[in-house]
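Here's the structure, in structure tokens; my notes come after.
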Amino acid sequence: VQLVESGGGLVQPGGSLRLSCVASGRVFHINVMGWYRQAQGNERELVAFITRDGSLTYADSMKSRITISRDGTKNTVEVDLQMNSLKPEDTAIYYCNAREFGYPQYGSESWGQGTQVTVSS
């Protein structure tokens, strides 16, 4: 599975951004798609994920301000992350993640290259 992210950038506090991630390759094997983030000096942490049947999980720190959605075709799957009311502490590199059915024993995990989100005035 290959993941390509877009939508990061510089935004003022209180602003909004929409991140997109398009998966290609073995998309029919994908169960979970989601977003993680890593701020400088911190460990990578979960932001949100969505399963193939539509179950959602959000990080407590952001759940009132974000929405994750998923759409797919025969050959691609796209997962979007709408982020509102952004704060300086949301500044991080945001990574798209995909996990196949059976992960970790029988399925693999893929990561995107990351997209920078900077919240600053």
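Between Thr57 and Gln12, the simple spin-label model (points 7 angstrom out along Cα→Cβ) gives 3.7 nm. Per atom type, region 23-121 shows carbon and sulfur on 46% of its accessible surface, probed at 1.4 Å. Across region 1-63, C-alpha contacts under 8 Å between residues 6 or more apart give a mean separation that, scaled by the residue count, equals a relative contact order of 23 percent.
Solvent-accessible surface of region 21-121, averaged per residue with a 1.4 angstrom probe and all protein chains in place: 54 square angstrom.
Loop-resident GluC sites (Glu not before Pro) (DSSP state other than H, G, I, E or B) in region 1-91 with no more than 14 further Cβ atoms inside 10 Å of their Cβ: Glu43. Which of Val119, Ser6, Leu86 sits closest to the plus end of the dipole of the chain, meaning its Cα is farthest towards the positive end, when Lys and Arg get +1 and Asp and Glu get -1 on the C-beta? Working it through, the farthest residue towards the positive pole turns out to be Ser6. 3J(HN,Hα) couplings calculated from phi for region 81-86 with the Karplus curve 6.51 cos²θ - 1.76 cosθ + 1.60 (θ = phi - 60°) are, in sequence order, 10, 8, 10, 10, 6, 5 Hz; Gly and Pro show x.
The values are calculated or read from the model by the stated rules, or taken from the named source; none is laboratory data. Everything numeric in this text was worked out from a predicted model, so none of it was measured. Note that we place each Cβ from the backbone using ideal geometry, even for glycine, and neighbour counts take in every protein chain shown. Keep in mind that these areas ignore ligands, DNA and RNA; they rest on the heavy atoms of the full protein, side chains included. Shrake-Rupley method; radii C 1.70, N 1.55, O 1.52, S 1.80 Å.
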